[in-house]
Amino acid sequence: MDLHKPFLHYEVKNWNINQIIEANPQYFLLNIDDKTEGRTNPYRQVKAYFDYVMEKLKEDRYLSKDPKHLGKPRIPVSYGVVFPNIDRLQFMETGLSTIIY
C-alpha cells in the first residue's frame, strides 16, 4: 500500500434526475424500467462501507502508533457519492444537495 496516496471510496449511481421520484436521508424511490423501486440513500450506503473498511483497518498494521493519532489510518481516507448523469444545477435545484453532502 502506498502510504502517500489517499484512500477514497465512491458510490457511483447511474441514475438520471427523471428516475428519482422521492429522496430523503434514508432512502430513494426510483422509477427504473417502468417499475418503482426503493433504494438505500447512496450516501448512507457509502458511509456503511466506509465504516466497515475503517473497522478492518483497525486490525491492520497501517494504523498510526503516534499517541496523538492512535488507531487512525496513516493515510487520508474519505468517501462520497457520484451521479455521472446528474449535473450540478439539477443536483442543487432538486434539493439532493441537502441529503447528499
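Observations, loosely collected:
- Positions within the stretch 68-101 being farther than 26 Å from Asn14 by Cα and either touching a helix residue (DSSP H, G or I) at 6+ places or on another chain (Cβ under 9 Å) or assigned to a loop (DSSP other than H, G, I, E, B) (or both), in sequence order: Leu70, Gly71, Lys72, Pro73, Arg74, Ile75, Pro76
- Subset of the stretch 1-19 [under 15 Å from Phe83 (Cβ atoms) and not in a strand (DSSP E or B)]: Lys13, Asn14, Trp15, Asn16, Ile17, Asn18, Gln19
- Residue among Lys68, Lys72, Lys58 that alone is of a type in the set (D, E, K, R), touching a strand residue (DSSP E or B) at 6+ places or on another chain (Cβ under 8 Å) and free of Cβ contacts under 8 Å to residues at least 40 places away in the same chain: Lys72
- Residues of the stretch 82-91 include at least one that is at pLDDT 95 or above, loosely packed, with under 10 Cβ neighbours inside 10 Å, out of contact with any His (no Cβ under 8 Å at 6 or more places or on another chain) and not aromatic (Phe, Trp, Tyr).
The values are calculated or read from the model by the stated rules, or taken from the named source; none is laboratory data. Predicted model, so just to flag it, every value in this text is computed and none were measured. Virtual Cβ from ideal backbone geometry, glycine too; neighbours counted across all protein chains shown.
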